[in-house]
Structures are given as C-alpha cells and as structure tokens.
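Enquirer: Input: one structure, supplied below.
The values are calculated or read from the model by the stated rules, or taken from the named source; none is laboratory data. Note that the structure is predicted; figures quoted are calculated from it, not measured. Glycine gets a Cβ as well: all are built from the backbone with ideal geometry, and neighbour counts include every protein chain shown.
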Amino acid sequence: MAWVCNDPTEFTDEMVDGFVEASRRWVARAPGGVIRSTRSAKPQVAVVIGGGSGHFPAFGGLVGPGLAHGAAMGNVFASPSAQQVYDVVKAVERGRGAVLSYGQYAGDVLNFDQAQERLRAEGIDVQTVLVRDDIASAPPTEAERRRGIAGDLPVFKIAGAAAERGYDLPRIVELAQRAADRVFTLGVAYSGCTLPGASAPLFTVPAGRMAIGLGIHGEPGIEEVPLPTADGLAELLVGRLLAEAPVPTDGARVVPFVNGLGAVKSEELYVVYRRVARLLADAGIEAVSPEIGEFCTSFDMAGLSLTLFWLDDELAELWADPVDTVGFRRGAVAAGDLEVVKDVVVAAVGEAEAIPAGAPASQVTAVVVGDALQAIRAVIDENVEELGRIDAVAGDGDHGIGMQRGARAAAQAAEAAQEAGAGARTVLLQAAEAWSARAGGTSGVLWGLALRSVADQLSDECAATAEQVSAGVTGAAQAIQDFGKAKVGDATMVDALVPFAVTLAERVRAGDRLAVAWPVAAVAAREGADATADLVPSMGRARTHAEKSIGTPDAGALSLAMTAQAVGRVLSERNTDE
C-alpha cells in the first residue's frame, strides 16, 4: 500500500516533481514527463519510452545517457495521454526522428499512436517498437496480442545504445524490434498491490497459493497453484520460458532478469536466481551479466518475474555499452561528450489560444454544458472507489481515478471558458481537450473523442437544438467504435453508448424535448451497462482475464451510464425548451 499520499488524483504529478528534484543529474521536468538533463553534442535519434506510473524505475528512472531520451509518464497504471507523448517527443527530437517504445496495452497504443500521427503530420519521422514479452497473456500462436511487462528494459536499452552510437532511425528500429522478438517474461505473485489512497489491494491470493501470469497493473493471475519452494518456483519459470526459446538452447546466450515487483526483497530474489543459474547451465545456456533487482515494479505487490533476453553477437555488443540512469547503470559514460540542457520547458509548450466570445444564445447553452460537466464530475467523485473496484475484478483498477482526473479537468476547463465568454461549442471543445490530456489511458482517449464529436455539432453563434445534440451523440458512438474497434457485445463502454445514442435519436425524432429524451436514453444506457455483466470481454486489459469478469458489469460502460443519468437530471431540473 502507498501509505504516503496526499490527494490520490495528484499522486503522479507530485511523485514526478519529487523525482526530478532528487535526480537532476539525470533528468529534467518537461511537459508530459521527464527528459535527459544532458544531451550529446551531435544530434541523435530520440528514444522516447513511457507508460503508467507505479512501476519505478520504469519509466522515468530509465532516462539518461545510453538509454531513453525522454519518458512520458501517465497516471498510476494508466497510459500517458497523446498530448503528453507529443510534448516529450517535441522536447527531445533534434531533427533525426524518434522511436517510441512501450509495453502493449490498449490505452498506450491508442495514445502513442495518436501522438505519432500528429508528429508525422508535422514532418517528424516517428516509428514504434512494441514490447510484448508476457508469455502468460496469450499463447505463442497469438504472440502479437501479448502485453509488455518487465521485458521493456532490454528493448529500451538496445534502442538507446544504438541511438548513442549515432545509428539512423531505420537501423535503430530494426535492432529494437529484434530485441523485442527475443524477450520473454513470466511473473508470479503472492498478493496484489494497492493503489494510492485505496483501502484494499486490487486482487488477493489465498494463503498457501501463488498466482501465475499476473499483470504489472495489478491484474490478477491466469492461474493459481500451491505455493512452491524457491527452487520449485525457479523450475516453473525457467521451464515455461525455455519452452518458447527463439533459438536452440545449447550454446545460446541470455541475459536473465529476476525482477522484484515491489515487496519481495533482494535476498529472496538471489535465492531464486541460485536455482535459475543452475537450470540455465544444465540447458547449455550461458548467462550473460545477470540482473537481479527491481526494474519494473507494481507498488507493494509481493511477487517477482523472470525475463530471458536471448542475445546474438550484435545485441550482445549493444547490451554491453555504457548506460547511466537512476534505475540502471553500467560502465562509464564519457562526460565530455555531453552538454547540460539549460532551457528545459516546465510548463505547457506555447501560449494558450485565445478563447473566442460566443453569441448570447450560445452562451446560454454553454451554461447548460458547464452544469452537465459539473454533474458528471460529482457523480464520478461519488463513485470513484466503486468504479475502481469493478475495474480491478479483471483489469487494473485505475478506471475510477482516471475518470475522476478527466471529469475534474473537463469541468474546470469548461468553467474557465464560460468565464471568458465562450459559446457552447468552444466550452465543450475545451472540456474535451482537458479530459483527454488529464485522464490518459483508454478512457481519456475515448471520452475526449466523444466530447469533441458532440461539440462539432454545436455552434458558438446560436443555441443548441435537441437534433444537434442527438447527432453529436450518434457521431460519438460511431467515432468510438471506429477508433477503438469495439462493437456491441464486447463488454466495453460501447454497450452502454450505442443504446443511449439510438434511444436518444428515436425520442428526438418523435418530437421529445431534450429534457425528456435524454433521461429515457440514459435508462437504456444503464440497461446496456448492466447487461455487460453477462458478457465475456474481448477487448482491452480485461480480455486476458475474461472469465473473472462474468457477473460484474464493465467499468467503462457503467461510468458512461452513470454520467448519462447525471446529465439527465440536470436537463430535467432545468425543464426548458433548450
């Protein structure tokens, strides 16, 4: 449990501030995360990594000479937003392009891809290398669906070493991808982790049992077995990992990582490695520079993972290159080749655009929009713990706090825009950008997209009509399905959003005022959300533990239904023809 905490929604920001203050030899603060506090005299291809916080030293602790140039740092267990990724790349890219590398999770892919598209549109060459090392998350025949866990580090290290040597972007991508194809990890846990401010862990393991195949975001294991001895654990991990060896084992070289997930101490890890080393030797495998310690953690989770990184001659050379970061060091980096970064940006890049004034009629609608967003904020604040609990059944438990950060940011942005005299469209667009940037994760992307879709149907020149609002909601449902690829029946927010949009359109076409049509549609949304309890998830993090979610509604669908009902109450109370 993270006992030391102020406001849980501010935990990540406060953690990053403290990390930077304590680590100025290696890092400087930048919008969206951290960047190197020094840089080479000659421009390099930028290596930008990232993911949710709660995994130290991943990701900020892996920024420095010989490794990453910058890290986008999302909220606890939630991906950074597309804006964060974009800002970090802009802070470190020096004309030679950038490679993005991160563990494969739905929210990370959505946000990093959005940032990549935006950067490419500006003429910056950006490529991506995904890490998919967790053998428990999908079978070998579906390796492309696997998630990234402790195997991030060797992939990042190879990319960073290649960049340090001055290689061009295609060469770095080829080497990093080769490393990613040769990294395999399996993790176990004896207890789950607890999010900052939470009163209970995300999952529990019965006494005398061990969970196999857990996720670093607190996702429960794939299976449970009787608690083995340290030797028995080593035999289980090595046996399953060698079954997926990408090359013949006899004469092969691997870098073994025994990674503590938070509560298992170094002495215990060494006891496990004692047997791992013997098993590798018996298989004819040479262990190269074994790494024992914490490289990718999960708060206070009692568990560990074993990673095998299979080397070839070129990867072995790059692996041996010097590196100097807070969380991983080897050799000596030549200080004479570095210059201190003195002009670090500590606030958002660029000045905020002036907010245009709206016509009086649209300003009236903007008030309704602001009231609706405040109602959304209130209902999420009231249910944040319950949404987190539901999300933790088969996922990572971060949905409640992510929604809370997004809803609060959206309400604040809308209020500021209203005070500046904005019309309804601008108020909602400001809210959309704030939600997306602040929430991060999958929900941040999708809620930002939904609010923008509704805003696009509104005007700053006149009051909104029920038909415009309905068209915006219909557009939001379609945009989210197109973007996230989810459909009704996949146990996602789409299962609540689609019936909501369909019912709203039907009632508006029948002549109902919005104050009447919306609450009826909100009932349909709640029915759709409740029905997800009987569905097997096929999208997102819950997919890996789909069977565990049966009987529990999807957190994303439920939060959407809650917010729809809250907005419905606002409209009913106003009871106007707007």
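Enquirer: Considering each of Ala281, Ala263, Ala252, Ala302 in turn, give the residue that is over 27 Å from the mean Cα position of the chain (by Cα) and more than 20 Å from Asp181 (Cβ to Cβ).
Expert: Exactly one of Ala281, Ala263, Ala252, Ala302 is over 27 Å from the mean Cα position of the chain (by Cα) and more than 20 Å from Asp181 (Cβ to Cβ), namely Ala281.
Enquirer: Going through the stretch 364-396 one residue at a time, which ones are surrounded by fewer than 21 Cβ atoms within 10 Å (Cβ to Cβ), β-branched (Val, Ile, Thr) and within 17 Å of Trp435 (Cβ to Cβ)?
Expert: Val379
Enquirer: Exactly one of these conditions fails for Leu110: (1) at pLDDT below 95; (2) surrounded by 24 or more Cβ atoms within 10 Å (Cβ to Cβ); (3) closer than 24 Å to Val16 by Cβ. Give me its number.
Expert: (2)
Enquirer: Here's something else I'd like to know. Can you name every residue in the stretch 142-190 that is of a type in the set (D, E, K, R) and under 23 Å from the mean Cα position of the chain (by Cα)?
Expert: Result: Glu142, Glu144, Arg145, Arg146, Arg147, Asp152, Lys157, Asp181.
Enquirer: Of all the residues that make up the stretch 78-105, how many are out of contact with any Cys (no Cβ under 9 Å at 6 or more places or on another chain), farther than 12 Å from Gly32 by Cα and surrounded by 24 or more Cβ atoms within 10 Å (Cβ to Cβ)?
Expert: 7
Enquirer: Sticking with this structure for a sec: Could you list all residues from the stretch 381-416 that are touching a residue at least 60 places away in the same chain (Cβ under 8 Å) and among the β-branched types (Val, Ile, Thr)?
Expert: Hits for the stretch 381-416 are Ile390, Val393, Ile401.
Enquirer: How many of the residues making up the stretch 409-420 are touching a helix residue (DSSP H, G or I) at 6+ places or on another chain (Cβ under 7 Å) and either within 15 Å of Asp460 (Cβ to Cβ) or part of a loop (DSSP other than H, G, I, E, B) (or both)?
Expert: 3
Enquirer: For the stretch 105-141, what are the residues that are assigned to a loop (DSSP other than H, G, I, E, B) and over 16 Å from the mean Cα position of the chain (by Cα)?
Expert: Passing the criteria: Glu122, Gly123, Ile124, Asp125, Asp133, Ile135, Ala136, Ser137, Ala138, Pro139.
Enquirer: Scan the stretch 479-486 and tell me whether some residue there is touching a helix residue (DSSP H, G or I) at 6+ places or on another chain (Cβ under 6 Å), in a loop (DSSP other than H, G, I, E, B) and more than 21 Å from Ala455 (Cβ to Cβ).
Expert: Within the stretch 479-486, one or more residues are touching a helix residue (DSSP H, G or I) at 6+ places or on another chain (Cβ under 6 Å), in a loop (DSSP other than H, G, I, E, B) and more than 21 Å from Ala455 (Cβ to Cβ).
Enquirer: Here is a list of conditions, (1) small (Gly, Ala, Ser); (2) surrounded by fewer than 24 Cβ atoms within 10 Å (Cβ to Cβ); (3) touching a strand residue (DSSP E or B) at 6+ places or on another chain (Cβ under 7 Å), and Ala46 meets all of them except one; can you say which number that is?
Expert: The one condition Ala46 does not meet is (2).
Enquirer: If Arg39 satisfies all but one of (1) within 23 Å of Thr128 (Cβ to Cβ); (2) in contact with a helix residue (DSSP H, G or I) (Cβ under 7 Å, 6 or more places away or on another chain); (3) modelled with pLDDT under 95, what's the number of the condition it fails?
Expert: (2)
Enquirer: Somewhere in the stretch 217-234, is a residue farther than 22 Å from Ala106 by Cβ and buried (at least 23 other Cβ atoms within 10 Å of the Cβ)?
Expert: The answer is yes; a qualifying residue exists.
Enquirer: Turning to a different aspect of this structure: Check off (1) more than 19 Å from Ala180 (Cβ to Cβ); (2) more than 20 Å from the chain's Cα centre (by Cα); (3) surrounded by fewer than 24 Cβ atoms within 10 Å (Cβ to Cβ) for Phe56 and give me the number that stays unchecked.
Expert: Unmet condition: (2).
Enquirer: Continuing with this model, one more query. Specify which of the listed residues (Arg39, Arg25) is surrounded by fewer than 24 Cβ atoms within 10 Å (Cβ to Cβ) and in a loop (DSSP other than H, G, I, E, B).
Expert: One residue alone meets the criteria, Arg25.
Enquirer: So, one more: From the list Leu497, Leu458, which one is within 30 Å of Gln363 (Cα to Cα), modelled with pLDDT of 95 or more and part of a loop (DSSP other than H, G, I, E, B)?
Expert: Just a single option satisfies the conditions, and that option is Leu458.
Enquirer: Can you confirm whether Glu419 is without any contact (Cβ under 8 Å) to a residue 40 or more places away in the chain, over 16 Å from Met493 (Cβ atoms), acidic (Asp, Glu) and assigned by TED's automatic domain parsing to the domain that holds Ala463?
Expert: Spelling it out, Glu419 is indeed without any contact (Cβ under 8 Å) to a residue 40 or more places away in the chain, over 16 Å from Met493 (Cβ atoms), acidic (Asp, Glu) and assigned by TED's automatic domain parsing to the domain that holds Ala463.
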